[in-house]
Amino acid sequence: MSDELFSGMKVPGPPGRLRERALRAARAAAPEAASRGRVPWGFRRLDLVWVGALLVLLASNALLTMSSRRAATLEAGRAAVAQREERAARSEDEGDLLALGVRLDATSPPPAPRVLSLVQVLRDGS
Amino acid sequence: MDSSGTWAAVGVAAGRAHAAVRDVAERPSNASRPVDLAGAFAAVATGDMDALDAVWEAVAADLYGLALWRTGSREDASDVVQEVFVRLASAGPRLARARDPRAYVLAMAHSAAVDLVRRRRPTVEADDAVLEPVVPDPGTAADAARASKLVSRLPAAQREAVYLRHFAGMSFGEIGSVTGVPTFTAASRYRLGIGRLRKLMGVAR
């Protein structure tokens, strides 16, 4: 048995002054711990900061997503309107050109302004 | 006198003291103190800091011994004990949930001692006596001093396992939970440590 290794010996006990020192330090630390316990729902301050930061992050993400979606919708609407106007103008120009005996196929670029003004002059003249 | 003769003489000369030490060493853990300690823990958990006195009575010697064997320095051991009591006072309601209060505070001491040794400057010598004679006697005191030197040659983890097993009377499972290692590792550390000590002291198995 290993007891014989330490026969006649013991482990030194704590020094006499240590008790007072340690208990005083512990009691001084206690109010700080108690104030930590007053934070609602048992959260510590750092927990609250962490949760607050997370909420701010989520709210910012939601706001950015909403605003970018609205901007995309507006842009798509403008593009659709512009496309429709262009298509209407093109069909009107095509009608004028057809009256002069010119035919545009589907892939032709829109008539140049100078051509259109010529068409206008011809139409007004006739 | 050769080393085996020294140790044999110590064993004979301090027969009665040896029996007393063995009683302490073989004291089963959680024998009589846990009820008081659990009550004191519950009181401290509700903010009754007067209950720290009862905690001190129950565990201060074990805490100091563990810290001394782990750090090898009386000053560091004092700092560890103080740190443990500060942590206890700050722990709040968590204390009431501790299943084994004694193992809980010893685990705190282990953790505080490991932190302290890690922070300590490497130049600091930490070889204070970790053993002293039960009966004040110049011969036994010299043997205790020599034994302390030999103990300090063990790795810290083995010293700690030997202390917890031999002087705090803990099982290997309890040592494992205090030091945060599996039971097998705790047993292995103890056996390696005690085997090496036997060899250093020249004691036959």
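Quick note: the coordinates plus some simple rules give every number you see, no bench work behind them. These numbers come from a predicted model, not from an experiment. Methodologically, a virtual Cβ is constructed for each residue, glycine included, from the backbone with ideal geometry; neighbour enumeration extends over all protein chains shown.
Structure above, values below:
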quantity	calculated
Interchain or long-range residues, amide H under 5 Å from A:K10's placed H	B:E132, B:V134
Spatial separation of Cα centroids for the range B:43-73 and the range B:153-205, in angstrom	22 Å
Cleavage-rule hits, GluC sites (Glu not before Pro), the range B:104-205, DSSP coil, Cβ neighbours within 10 Å at most 11	B:E125
Cα gyration tensor, the range B:80-204 - rounded (a/c under 1.5), prolate or oblate	prolate
For B:85-97, mean number of other protein chain Cβ atoms within 10 Å	4
Residues B:L150, B:L164, A:L63, A:L23 arranged by fewest to most Cβ contacts within 10 Å	A:L63, B:L150, A:L23, B:L164
In Hz, Karplus ³J(HN,Hα) per residue of the range A:17-23 (6.51, -1.76, 1.60; θ = phi - 60°; x = Gly, Pro)	6, 5, 4, 5, 4, 5, 5
A:E86/A:T65 FRET efficiency (R0 35 Å; Cβ-Cβ; nearest 0.05)	0.65
